1. List the relative contact order of the range 2-50 as a percent without decimals, with contacts defined as Cα pairs under 8 Å and 6+ residues apart.
2. Mind grabbing the accessible area of E127 for me, 1.4 Å probe, Å², rounded to tens?
3. Separation between the E27 and S73 pseudo-spin-labels, each 7 Å from Cα along Cα→Cβ, expressed in nm?
4. At what distance in angstrom do the alpha carbon centres of the range 97-137 and the range 202-222 lie from each other?
5. As a test question: what accessible area, to the nearest 10 Å², does R134 have when a 1.4 Å probe is rolled over all protein chains in place?
6. Which whole-number percentage describes the relative contact order of the chain, with Cα contacts under 8 Å and a sequence gap of 6 or more?
7. How large is the helix-only mean residue ellipticity at 222 nm for the chain, computed as the sum of -39500 (n - 2.57) over DSSP H runs with n ≥ 4, divided by its residue count, in deg cm²/dmol to the nearest 500?
8. Rounded to the nearest whole Å², what accessible area per residue is found for the range 22-61 with the 1.4 Å probe?
Amino acid sequence: MIIQLKDINKTYPGVVPLHVLKDINLEIDRGELVAIMGASGSGKSTLLNILGILDNYDSGEYHLDGVLIKNLSENRAAELRNRLIGFVFQSFNLISYKNAVENVALPLFYQGVSRRKRNALAMEQLERMGLADRAHHLPGELSGGQKQRVAIARALITKPSIILADEPTGALDSTTSHDVMNLFRELNAEGMTIIIVTHDPGVGAATNRIIRISDGRIVPDEPIITDIKPQIIV
Ligand code: ADP
Ligand code: MG
């Protein structure tokens, strides 16, 4: 099991504190392709940010790859994040004045990899995304789908164990969304664990499991009734 959440609670403080995650229990195995679905404001991004060690929780326990994620120093959190997690966002979060290959290579810059090596690795990722001919274009010169593939290449370049994607198709048309989901399915077939926050039922349907969240709580799965014959217990 790569992700295990036990009784996670989180409240945003304020004049009126907001109890945004309520007793979340969740287990995700290595190699799963999962959607987290729920209405706007239900707590999806908060949950994903906790999974990605971008935000803290108040009570409960989160184990990531067997490590208890609690009271970590910023350095330790960053080390785990950089080693284990690749992020993909709705708005791509590419640096506008850097070209595609430089954007993809950026995480390796922070790991101290030489320019020559990181650019070679970034080119490899762009090639597998079918974007080799766009390597020297700026984000502003790319379509939405191309930008998201650059962002996915950037997420993959550190060889993470998990991809966390927050509404990755939210800014894309339906054909392009479909292409991005096919890409995620391919990566998953190669063993990557992928967790996608979405409110698009089409995206949810393209995953292997849907976790529903409503008002900060996980909605239990409907019980599967396999045998409706009355049981006689002797
Ligand atoms: P979702 O991604 O499902 O739309 P979020 O996790 O972003 O939901 O937000 C859940 C609730 O928490 C919303 O009511 C939102 O306004 C609130 N919220 C999100 N981030 C913060 C924050 N940093 N401070 C205070 N409230 C927040
Ligand atoms: Mg959100």
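1. Result for the range 2-50 is 34 percent.
2. Answer for E127: close to 110 Å² accessible.
3. Taking the two extended label points, one gets 3.3 nm.
4. 34
5. Rounded to the nearest 10, that gives 70 Å².
6. Relative contact order of the chain: 29 percent.
7. My calculation for the chain gives -10000 deg cm²/dmol from helical runs alone.
8. 39
The values are calculated or read from the model by the stated rules, or taken from the named source; none is laboratory data. As the structure is a prediction and not an experimental result, all values here were calculated from the model. Here the Cβ is made from the backbone with ideal geometry for all residues, glycine too, and neighbour counts use every protein chain on show. Surface areas here come from the heavy atoms of the whole protein model, side chains and all, with no ligands, DNA or RNA. Shrake-Rupley method; radii C 1.70, N 1.55, O 1.52, S 1.80 Å.
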